[in-house]
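Here's the structure we're looking at; comments come further down.
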Amino acid sequence: MPLYIALLRGINVGGRNRLPMADLQTCLSATGATDVQTYIQSGNAVFKSMADPVDLDRRIADQIQTVAGFTPQVMVLPADRFRAIAAGNPYADLADAEKSVHVWFLDGPSATSHSEINDRCSASEQLRLSDDALYLYAPDGIGRSKLANAMERLLGTTATARNWRTIGKLLELLDQMSGGLR
């Protein structure tokens, strides 16, 4: 059965747009997902599904609207695409990668060139742009990055970011669910 990753944006642990992971599991199951595993409260899920993947992101968002009363951005990636994006990370082997490397998963190709975005990097930041992702090495911290705050606007396409530690945990969940087979 095909494996997928759902990456949600716009949910919070408390306050507005609160979505407990148990509710996310319920919403995913309502769309035909099975073996749902979530990772941390910020909206990351790995699951199996035989459902048509074409509009799975919209169907999940609609279920969340029904259950929680708001519609977050949902990006669903097949496991092989998620793994390929992770494998393409040019900064994965850096000693501080878990805290300093962030990946924006793109819904489509960027409308902006690599050089246009790179021109906005601070002296310590480095980035690499592909058709599927933007990889940012921000050793001074993502909170201090002026580039990170403007990333989706600069990219000109829908995107959601995860730090390298979270991506590693999601890869572990994928491996567990696929029996270690890739």
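Quick look at the numbers
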read-out	value
Diffusion coefficient, µm² s⁻¹, Stokes-Einstein with Kirkwood Rh over alpha-carbon pairs of the range 14-133 at 10 °C and 1.306 mPa s	96
Straight-distance crosslink candidates among aspartates and glutamates, where the alpha carbon sits under 18 Å from residue 146 and sequence neighbours closer than 8 are dropped	116, 119, 125
Accessible area in the full protein assembly, largest first, 1.4 Å probe, for 102, 114	114, 102
Relative contact order, percent, the range 107-178 [alpha-carbon distance under 8 Å, six or more residues apart]	33
Heavy-atom accessible area order for 146, 169, largest first, 1.4 Å probe	146, 169
Trypsin sites (Lys or Arg not before Pro) lying in DSSP loop within the range 82-135, provided at most 16 other Cβ fall within 10 Å	120
Carbon and sulfur %, accessible surface of the chain computed with the full protein complex present, 1.4 Å	47
Heavy-atom surface of the chain, accessible at 1.4 Å and reported per residue (Å²)	49
Distance-filtered residues of the range 107-137 - backbone nitrogen under 19 Å, label point 7 angstrom along residue 150 Cα→Cβ	110-129, 134-137
Residue 158 - accessible surface, heavy atoms, 1.4 Å probe, Å² rounded to 10	60
Percent of beta bridges antiparallel (DSSP, the chain, rounded to nearest 5)	95
Cα point-scatterer Debye curve for the range 83-182, base-10 log of I(q)/I(0) at q = 0.10 Å⁻¹	-0.26
Heavy-atom accessible area ranking, 1.4 Å probe, most first, across 39, 135	39, 135
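The values are calculated or read from the model by the stated rules, or taken from the named source; none is laboratory data. This is a predicted model, so every value here is computed, not measured. No Cβ is skipped: glycine too gets one built from the backbone with ideal geometry, and neighbour counts run over all protein chains shown. Side chains are part of the model used for accessible areas, which takes the heavy atoms of the whole protein and leaves out ligands, DNA and RNA. Shrake-Rupley method; radii C 1.70, N 1.55, O 1.52, S 1.80 Å.
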